[in-house]
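Values in this text are rule-based calculations from the coordinates and carry no lab data. In this text the structure is predicted, and so the values were computed from the model without any measurement. No Cβ is skipped: glycine too gets one built from the backbone with ideal geometry, and neighbour counts run over all protein chains shown.
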Amino acid sequence: MNDVLHTILNHRSIRKFEDCPLSDEQIKQIVECAQAASTSSFIQAYSIIGVKNSEKKQKLAELSGNQSYVAESGHFFVFCADLHRHEVIAKMENKDLTKSLESTEKFMVALIDAALASQNAVLAAESMGLGACYIGGLRNNLEEVSSLLNTPNYVIPLFGIAVGYPAQQPDQKPRLPFDHVYHEDTYQQDSNIYLQQLEEYNELISAYYTERTNGKRSDTWTGQMSKMLSNPSRLYMKDFVNSKGLLKD
């Protein structure tokens, strides 16, 4: 197995870091690797906000649901869907690009571009011996996050990534079975096979939690998902995205 495959397959979320900031060179390398990711039609519809200020990191930790490792990380990256620069392009080139910029398609492009860039960033960080954890909790309070980071129209903070020197090495959480995720030529819709795969995965996840918590937890994956999805969250999101000029058509 080569080093790239080993880094990818060795991924786990790190939520406890050493008290050591990333160097400017490390930050630059991580961002440059993020920029090397594929981008739809060369649009490059994302931006990355690096947060060094300890007070801002602490506030972002609170806004993310009091996730302390946001503040304790060596560096905090916020990945944003960003079509603001394309609004500037419209003025530079004397064109009306509003219909494109406010379309669902370009919003999806911005989300995908940011996600692709972020995965490159995490792989780069992990290849450097660092650990990382995605922080979707930023979307709990996007009005306040946007105000804190001073993001303009057509820019949406999507998620953060806390990066730093690992102070823990947790077990890897088992993923869904290969055959449940990978469909060849057509989507597999045999309900008996589908249910069997989920039942087998439930057993695997339950054993994982039982071992990890010394018997204090034995959750199944489908149980977790049904509980989470029974309580719809962040229902303000569409209105907020629209207020920033996106996803209008």
*Where only C-alpha atoms are counted, convex hull volume of the range 1-135 per residue in Å³*: 139
_Among 135-146, 170-181, how do they line up by average Cβ neighbours within 10 Å per residue, starting with the highest?_
135-146, 170-181
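Given R₀ = 30 Å, FRET efficiency for I8-K216 by Cβ-Cβ distance, to 0.05? Please list the in-between numbers first.
Details: r = 31 Å, r/R0 = 1.03.
Once the sixth-power term is evaluated, E becomes 0.45.
Within the set of other residues whose C-beta is less than 13 Å from the C-beta of Q119, count the net charge using Lys and Arg as +1 and Asp and Glu as -1. Walk me through the numbers on the way to the answer.
On the way: positive: none; negative: D113, E126.
Overall, the nearby charge balance is -2.
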*On each of the three principal axes of the Cα atoms of the range 60-134, give max minus min coordinate, whole Å, ordered largest first.*
45, 29, 22
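Diagonalise the Cα gyration tensor of the range 92-156 and give the resulting equivalent ellipsoid semi-axes, square root of 5 times each eigenvalue, largest first, whole Å.
On the way: eigenvalues 156, 60, 25 Å².
Taking √(5λ) for each Cα gyration eigenvalue gives 28, 17, 11 Å.
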*Would you mind telling me which residue in T39, T151, T213 has the biggest mean-square fluctuation in a Gaussian network model of the chain, where springs connect alpha carbons within a distance under 10 angstrom?*
T213
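Take F107, F42, F77 and order them by how many other Cβ atoms sit within 10 Å, fewest up front. Can you show the working numbers first?
Values: F107 21, F42 7, F77 25.
If I rank by nearby Cβ atoms, fewest first, I get F42, F107, F77.
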*asked:* What's the whole-number percent of alpha carbon pairs in the chain lying beyond 30 angstrom?
replied: 37
*Whole-Å distance, taken between Cα centres, linking the range 1-71 and the range 126-204*: 14
*Folded to 0 to 90 degrees: helix 54-63 orientation relative to the chain principal axis, Cα*: 60
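Taking a ≥ b ≥ c as the square roots of the Cα gyration tensor eigenvalues, with a/c under 1.5 meaning rounded and otherwise prolate when a/b beats b/c, else oblate, which class fits the range 148-249?
Numbers: a/c = 2.23, a/b = 1.44, b/c = 1.55.
Taking the square roots of the gyration eigenvalues as a ≥ b ≥ c, the range 148-249 is oblate.
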*asked:* Translational diffusion coefficient of the range 178-218 at 10 °C, 1.306 mPa s, Stokes-Einstein with Kirkwood Rh over Cα pairs, in µm²/s as a whole number.
replied: 137
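In nm, what is the difference between 0.36 nm times the number of residues separating A207 and K99 and their Cα-Cα distance? Write down the numbers at each step before the final one.
On the way: separation 108, 0.36 × 108 = 38.88 nm, distance 5.09 nm.
Length gained, A207 through K99: 33.8 nm.
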*So what is the relative contact order of the chain, in percent, for Cα pairs below 8 Å that sit 6 or more residues apart?*
26
*Three-way shape label, the range 59-201, alpha-carbon gyration tensor, a/c 1.5*: oblate
